[in-house]
Amino acid sequence: MKLTVIALALGLVAASLVGATWPPTTPPSGDDIGLRAAAPPPNLYTAQVTGALAVGQDGKITVKLVPAEGYKWNVDYPAKLKLPAGQKVEFKKTDFARGDFKGGETAGILELDAKGKAAGDETVTATASFSICSKETCHLLRDRKIDLKLSVK
């Protein structure tokens, strides 16, 4: 009991010296205690797009997010990808979640059902959140802009 009272008294004295309240009203964040996520290394993954579309016809586009050598796709992370509306391509589905990604630890693979609306090339910028890991660490990649270069014949 005496130790608790002494610890509480020391906390109040320390808090009054720095102008803080005791006990703290909000828990410290990672920035408050000197913890920051390391920036992911460059070229951590590549985005590969395959498939063909024709005007007025349904088709499939495959998007692969492939980790760099020494890294793996984190199948446990709740990955997601959101597609905007395209001018030349219409996507049947625009929001994808963890269960939609295939490929296991080698890559995050999505099969997109789409339809060509007009002939020509178009770059659609998807927004994705996912995680890629090495043996030592995992990188959480949130709200990444991924350019998907598509062509409609």
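Residues in the stretch 84-100 carry Karplus couplings, in order, of x, 5, x, 7, 10, 10, 10, 8, 5, 9, 10, 10, 10, 10, 3, x, 7 Hz; the curve used is 6.51 cos²θ - 1.76 cosθ + 1.60 with θ = phi - 60°, and Gly or Pro positions show x.
Amide hydrogen proximity for residue 139: with H placed 1.01 Å from N in the peptide plane, the residues at 5 or more positions away or on another chain lying under 5 Å are 132, 133, 134. Amide H contacts of residue 79: 98, each under 5 Å away and 5 or more positions distant or on a separate chain (H built 1.01 Å from N in the peptide plane; Pro and chain starts excluded).
Since only 84, 106, 96 are under comparison, the one whose Cα sits farthest along the positive direction of the charge dipole of the stretch 76-118, derived from C-beta charges on Lys, Arg, Asp and Glu, is 84. In order along the stretch 41-55, the Karplus-derived 3J(HN,Hα) couplings, from 6.51 cos²θ - 1.76 cosθ + 1.60 at θ = phi - 60°, round to x, x, 6, 6, 7, 10, 9, 10, 10, 10, x, 9, 10, 10, 4 Hz, and Gly and Pro are given as x. Over all other residues within a Cβ to Cβ distance under 10 Å of residue 52, the charged ones net out to +2, with Lys and Arg as +1 and Asp and Glu as -1.
Among the listed pairs 80/117; 72/115; 82/153; 115/135; 82/115, those with a Cα-Cα distance over 29 Å are 72/115; 115/135.
With both labels modelled 7 Å from their Cα along Cα-to-Cβ, the residue 151 to residue 62 distance reads 1.7 nm. With both labels modelled 7 Å from their Cα along Cα-to-Cβ, the residue 55 to residue 115 distance reads 1.6 nm. When Lys and Arg each count +1 and Asp and Glu each count -1, what net charge do the other residues less than 14 Å away from residue 106, Cβ to Cβ, add up to? Surrounding charge for residue 106 is +1.
Over all pairs of different C-alpha atoms, the stretch 56-153 has a mean inverse distance whose reciprocal, the Kirkwood radius, equals 14.1 Å. The aspartates and glutamates within cross-link reach of residue 102, meaning a Cα-to-Cα straight distance under 18 Å and a gap of 8 or more places when in the same chain, are 76, 111, 113. Amide H contacts of residue 107 (H built 1.01 Å from N, in plane; Pro and chain starts excluded): 73 sit under 5 Å, all sequence-distant by 5 or more or on other chains.
Any read-out appearing in this document is the output of simple, stated calculations on the displayed coordinates, not a laboratory observation. Note that the structure is predicted; figures quoted are calculated from it, not measured. Counting neighbours? That spans all protein chains shown, and the Cβs are built from the backbone with ideal geometry, glycine included.
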